[in-house]
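Before any comments, here is the structure.
The values are calculated or read from the model by the stated rules, or taken from the named source; none is laboratory data. Small disclaimer: the values here were computed from a predicted structure and weren't measured. Cβ atoms come from the backbone with ideal geometry, glycine included; neighbour counts cover every protein chain shown. When the accessible area is computed, the model is the full protein with side chains, heavy atoms only, and any ligands, DNA or RNA have been set aside. Shrake-Rupley method; radii C 1.70, N 1.55, O 1.52, S 1.80 Å.
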Amino acid sequence: MTIHPSELIVPGPTPTGESEKFWAGCRDGELLLQFCERCEHWVFYPRTVCPHCWSDRLDWRRAAGTGSVRSFTVVHKPGHPGWAVAAPYVVAVIDLAEGPTMLTALVGVEPAGVRVGLPVAVRFETVGEFVLPFFAPVPPTA
Amino acid sequence: MSGTRPTGAIVGVGELTPTRTTSGKTTLGMLAEASRLALEDSGLDRDRIDGLLVGPQVGETPQHVPATVAEYLGITPRMSNVVDLGGASGPGMIWRAAAAINAGMATAVLCVLGNHREPVPSRSPNRNPIREFDVPFGASGANTAYALLKTRHMHDFGTTDEQFASLAAVSRANAQSNPDAIFYGKPIDTAGILASPMIAEPLHLLEIVMPVAGGDAVIVMGAEAAEAATLRHAPVYLRGAGEMVTHRAMSQAPSYTTGPLKPSMAQALAQAGIGIDRIDLLSLYDCYTVMLAITIEDAGLCAPGQFGAWAAGRDLSHTGDVALNTHGGQLGFGQADLAGGMSHVVEAVRQLRGTADGRQMADAALALVTGNGATMSEAVALVLGRDR
Ligand SMILES: [Zn+2]
């Protein structure tokens with residue numbers, strides 16, 4: 001089984017004033033992260049101050065949208081019933097090329113094909129009212 | 001690391017017997033019952049209680065928690081606070097109580113946690129960073145988070161499913177000496193744990209705590225005041241404490257193979273002036289096998305990645321080489337929500353007093369207690385001693 005995002009009927013994100021730009025970027029097919037102009041760290045998830053230096057000089061910049069799998073789990077018994085149609089599916093934490101980590105689900109891959117260190121790239125998918133940054137292996141394996 | 005040592009004494013403990021669900025009970029009522037048991041156990045008059053530490057949940061009321069609990073209990077504490085460190089809340093309360101006493105703000109502090117559990121739990125609304133950036137990707141709940149830890153541990157160290165399952169088997173075995181444990185009368189071996197359903201690969205069902213209803217309360221006094229008071233049991237002393245908070249969401253954790261308990265345990269042991277080899281009872285927070293595994297390694301009991309070989313060479317029962325979670329741990333006893341973390345404190349007190357009934361250790365003088373909140377996020381370590 002692999003995830004078919006259009007079939008999911010699951011809770012979506014609740015954007016806040018801090019994160020609106022991130023979700024708007026996803027709608028436009030861009031992975032936008034915050035960049036601290038003071039200490040030059042990239043920041044994810046979106047915040048009002050940099051978690052590295054507490055500066056508020058956070059700019060939005062387009063990220064490469066690539067990274068590698070830091071760790072993963074194959075979910076057999078989802079915490080939310082809406083995910084049951086996709087189970088077993090892969091939840092992974094990605095080390096983004098810019099430094100921050102991001103949790104996501106993997107698409108375009110069977111669970112058996114996932115390992116720590118697997119190179120992946122963002123793949124925007126529509127789920128209900130939202131466009132979410134899922135990730136898929138590069139080059140694609142499925 | 002050196003510096004001042006915390007002083008304080010635990011003079012009373014109370015614990016509700018875990019049940020799968022409650023019906024018609026309130027969290028407030030259960031907090032009160034656990035408190036009553038702790039007071040009875042201490043032998044103190046109720047009017048001696050002048051401090052109150054409670055968890056963030058009283059079920060019905062999201063705000064004004066200390067006031068709600070104080071009103072319900074009919075006490076007027078001179079010091080009160082919510083302690084919100086997830087599973088580490090219980091141990092976190094103990095040193096805070098001692099600190100408040102040392103600051104002259106109270107003389108006898110009630111620390112209490114508990115929860116009711118309806119047959120059909122309700123869902124919380126969609127908010128906060130985890131709900132915005134983790135849950136929409138299918139990562140609801142703690143199971144996926146702890147599975148990420150286990151995957152990375154197996155990848156980095158080559159640890160095996162059997163080694164993780166063996167820790168759950170130890171907990172189940174120890175629970176057979178505790179009639180209050182939810183799995184009392186239900187032993188299971190490593191193979192049985194591996195045969196349980198896969199929940200979030202590589203986590204099996206029986207590597208995960210059983211949620212139960214229950215509650216735990218502890219009363220803390222100053223060491224000298226405790227010695228001057230008329231008590232039912234000898235005081236158990238706080239010898240050292242350490243605490244650290246690092247993150248909330250697993251996606252933001254600084255490491256997947258070591259956690260904030262490492263510096264917390266080191267500080268608690270340094271304050272107590274002892275090494276880990278002096279500890280008689282390990283009362284280690286065990287919401288998942290991987291949490292217990294990493295805590296064993298972070299405590300310095302073995303090298304990183306070596307918990308499996310460490311556990312395999314030892315008898316970890318109350319009569320064994322090293323006593324580990326003699327009440328069954330939460331994996332064998334059950335996890336009564338935030339009170340689950342306090343059960344490790346209560347068990348240590350019982351062993352150090354010599355009142356652990358059918359599972360009493362021969363000569364327990366020092367215990368290491370840990371608490372863990374969220375996913376290796378909120379850490380508290382305590383060293384408790386029979387002697388001051
Ligand atoms: Zn910065």
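Put a plus charge on the Cβ of each Lys and Arg, a minus charge on the Cβ of each Asp and Glu, and nothing anywhere else: the dipole of the range A:52-142 about its Cα centre is then about 140 debye. Which residues does the label zone of A:R27 cover in the range A:120-138, counting backbone N under 20 Å from a point 7 Å along Cα→Cβ? It comes to A:123-134, nothing else.
Within straight-line reach of B:K25, meaning a Cα separation under 30 Å, sit the following lysines at least 8 residues removed in sequence or on another chain: A:K77, B:K186. Spin-label model, A:R38/B:T246: points 7 Å from Cα along the beta carbon direction are separated by 2.5 nm. The range B:276-298 and the range B:3-73 have Cα centres lying 26 Å from one another. In sequence order, the range B:91-96 has phi-based couplings of x, x, 5, 5, 6, 5 Hz under the Karplus curve 6.51 cos²θ - 1.76 cosθ + 1.60, θ = phi - 60°, and Gly or Pro positions carry x.
Applying a DSSP loop filter and a limit of 15 other Cβ atoms within 10 Å to the chymotrypsin sites (Phe, Trp or Tyr not before Pro) in the range A:41-142 leaves A:W54. The residue among B:G185, B:A374, B:A175 whose Cα reaches farthest toward the positive pole of the charge dipole of chain B, with charges on the beta-carbon of Lys, Arg, Asp and Glu, is B:A374. Once the Cβ-Cβ distance of B:A365 and A:D56 is raised to the sixth power relative to R0 = 60 Å, the FRET efficiency obtained is 0.70.
Under 17 Å from a label point set 7 Å out along the Cα-to-Cβ vector of B:A225, the amide N atoms of the range B:18-48 belong to B:39-40, B:42-48.
Across the range B:300-308, computed HN-Hα scalar couplings (Karplus, 6.51 cos²θ - 1.76 cosθ + 1.60, θ = phi - 60°) run x, 6, 7, 6, x, x, 10, 4, x Hz from first to last residue, x flagging Gly and Pro. Selection among B:P18, B:L37, B:I274 by position relative to the dipole of chain B gives B:L37 as farthest towards the positive end (Cβ unit charges, Cα centre). The separation of the range A:76-97 from the range B:323-388, counted between C-alpha centres, amounts to 34 Å. For the protein assembly as shown, the residue among B:G74, A:I3, A:G67 whose Cα projects farthest onto the positive side of the dipole built from Cβ charges is B:G74. When A:D28, B:D134 are compared by accessible surface with a 1.4 Å probe, the order from highest to lowest is A:D28, B:D134. Note on surface exposure: A:H76, B:H344 rank A:H76, B:H344 by accessible area, highest first, 1.4 Å probe.
Taking the protein heavy atoms of the range A:15-63 in the context of the full set of protein chains, the accessible area attributed to carbon and sulfur is 41 percent at 1.4 Å.
Karplus-based coupling profile of the range B:225-234, in residue order and whole Hz: 4, 5, 5, 7, 7, 8, 10, 7, 10, 4, with θ = phi - 60° in 6.51 cos²θ - 1.76 cosθ + 1.60 and x standing for Gly or Pro. Accessible surface of chain B, 1.4 Å probe: 51 percent of it comes from carbon and sulfur atoms.
Only Cα sites of the range A:15-63 enter the Debye sum here, all with the same form factor; the resulting log10 I(q)/I(0) across q = 0.13, 0.21, 0.24, 0.28 1/Å is -0.26, -0.64, -0.80, -1.01, listed in q order. Taking all protein chains together and rolling a 1.4 Å probe, B:R232 ends up with roughly 150 Å² accessible. Cα centroid separation, the range B:186-219 to the range B:226-270: 24 Å.
The GluC sites (Glu not before Pro) found in the range A:72-140 that occupy coil by DSSP, while having at most 15 further C-beta atoms within 10 Å, are A:E129. Charges were assigned to the Cβ only: +1 to each Lys and Arg, -1 to each Asp and Glu. The resulting dipole of the protein assembly as shown about its Cα centre is roughly 160 debye.
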